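The values are calculated or read from the model by the stated rules, or taken from the named source; none is laboratory data. These numbers come from a predicted model, not from an experiment. Neighbour counts are summed over all protein chains in view; Cβ atoms, including those assigned to glycine, are modelled from backbone coordinates with ideal geometry.
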Amino acid sequence: MRQSNSDCGLWNECRTTELCSLSAIILLITSAEGDYLKDAMVILALLLILAMTYLALRLAIPIQRLLGVNGDLGQMLNIDNKWAYNAIKQLGNYGELFERNLGQETPMQLSRGVNALWTQGGILYAPPMP
């Protein structure tokens, strides 16, 4: 993250990182797959293998944008373009973070409940990245 004394800037970076970890769930990106999915041809091949031609074309660009391959999302925040990739690679997506720290295999043994995506009965929603 950017070295700054601005609490507002740090809050925006943390919030945006949280939204990117939610987007990673929606785009099926886990910490283990970040390196592999940075290659556009790999993204298209994987999705085409699943016979989702239309979906593959629609998802390739958001995946690349989130991982810092295309676009300037990081530059808009005055941080490295690969910041979301680095966060997902090191920490995982929101689901991985939740399961590792609070999930069924931890002493807390919490189910996702309202902490699931809105499409899975929860309240979490990640708006599309610009």
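Scanning the range 102-129 for residues that are closer than 22 Å to Thr17 by Cβ and either among the aliphatic types (A, V, I, L, M) or part of a strand (DSSP E or B) (or both) yields Leu102, Leu110, Val114, Ala116, Leu117, Ile123, Leu124, Ala126, Met129. Of the candidates Leu77, Leu91, Leu97, Leu67, the single residue that is within 13 Å of Ala24 (Cα to Cα) and touching a Phe, Trp or Tyr at 6+ places or on another chain (Cβ under 8 Å) is Leu67. Residue pairs whose Cβ atoms lie under 9 Å apart, sitting 6 or more positions apart in sequence or on different chains, and linking a residue in the range 117-130 that is free of Cβ contacts under 8 Å to residues at least 24 places away in the same chain and over 14 Å from Ile25 (Cβ atoms) to a partner that is outside any strand (DSSP E or B) and among the hydroxyl-bearing types (Ser, Thr, Tyr), do not occur here. Hey, any hits in the range 86-97 for a residue that's under 18 Å from Cys14 (Cβ atoms), acidic (Asp, Glu), under 13 Å from the mean Cα position of the chain (by Cα) and modelled with pLDDT of 85 or more? Yes: one or more hits.
Looking only at residues in the range 85-101 that are in contact (Cβ under 8 Å) with a residue 12 or more places away in the chain and either among the acidic types (Asp, Glu) or in a loop (DSSP other than H, G, I, E, B) (or both), the one that is surrounded by the most Cβ atoms within 10 Å (Cβ to Cβ) is Asn93.
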